[in-house]
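Worksheet: one structure, shown below.
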Amino acid sequence: MPLNIVLIEPEIPNNTGNIGRLALGSGSHLHLVKPFGFKIDDSKLKRAGLDYWKHIDITYYENVEEFFKRNKDKKMAFMSSHGTKKYWDIPFEDNMFLIFGKESTGLSKSITEKHASHLYKIPLYSEYTRSLNLANAVSITIYEGLKKLS
């Protein structure tokens, strides 16, 4: 029941390191779409990913166009604060791709508009919070999927 975690243009090495560790622990495949806001050998990424990084199943893409071209026939759910459906309503399937945007701006408008019918959000219950930390959002979504697939 593996899932695919996709980070489009991640900016913070600590988040990516933590998500890599989560990918390994959850049996998920990690997809990293460039450009990154850090070098892949960044010490903060390595520290957050600990010594697990070498064991993580990772695919790298030069840009978002390459990602969508290589995975055009895959089942996908897009996570965005602009989604109208809740993450627990995602119709999880084995090998599904869960797409997350960069920390500062999330997914681009072109992606959210093109995939509006597959856009989901994690509800927030405070008017003072715009979004959750990316690593937390990925964790919540992945484990909801694993729960539903088990």
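Tell me, which longest segment in the chain has none of the trypsin sites (Lys or Arg not before Pro) that fall in DSSP loops with at most 16 further Cβ atoms within 10 Å?
Working: sites that count: Lys39, Lys72, Lys74, Lys75, Arg130.
Counting only loop sites that pass the neighbour cut-off, the longest clear stretch is 76-129.
Which pairs in the list Lys34/Lys102; Lys75/Lys114; Lys34/Lys85; Lys69/Lys114; Lys39/Lys121; Lys86/Lys147 are over 18 Å apart, alpha-carbon to alpha-carbon? If you can, show how the numbers build up before the last one.
Details: Lys34/Lys102 11 Å; Lys75/Lys114 14 Å; Lys34/Lys85 28 Å; Lys69/Lys114 14 Å; Lys39/Lys121 29 Å; Lys86/Lys147 16 Å.
Beyond 18 Å: Lys34/Lys85; Lys39/Lys121.
Report the longest stretch of the chain that contains none of the chymotrypsin sites (Phe, Trp or Tyr not before Pro) sitting in a DSSP loop with at most 10 other Cβ atoms within 10 Å.
Formally, the longest exposed-site-free interval is 1-124.
Antiparallel as a % of all DSSP beta bridges within the chain, to the nearest 5?
Values: 1 of 21 bridges.
Percentage antiparallel, nearest 5: 5.
Within the range 67-148, list the GluC sites (Glu not before Pro) lying in a DSSP loop whose Cβ has at most 12 other Cβ atoms in a 10 Å radius. Could the numbers behind the result be given before it?
Working: sites: Glu93, Glu103, Glu113, Glu127, Glu144; in loops: Glu93, Glu103, Glu127.
Within the range 67-148, the qualifying GluC sites (Glu not before Pro) (loop, at most 12 other Cβ atoms within 10 Å) are Glu127.
Read the figures in this text as sums done on the coordinates, not as results from a lab. All figures in this text were calculated on a predicted structure; none of them were measured in a lab. Methodologically, a virtual Cβ is constructed for each residue, glycine included, from the backbone with ideal geometry; neighbour enumeration extends over all protein chains shown.
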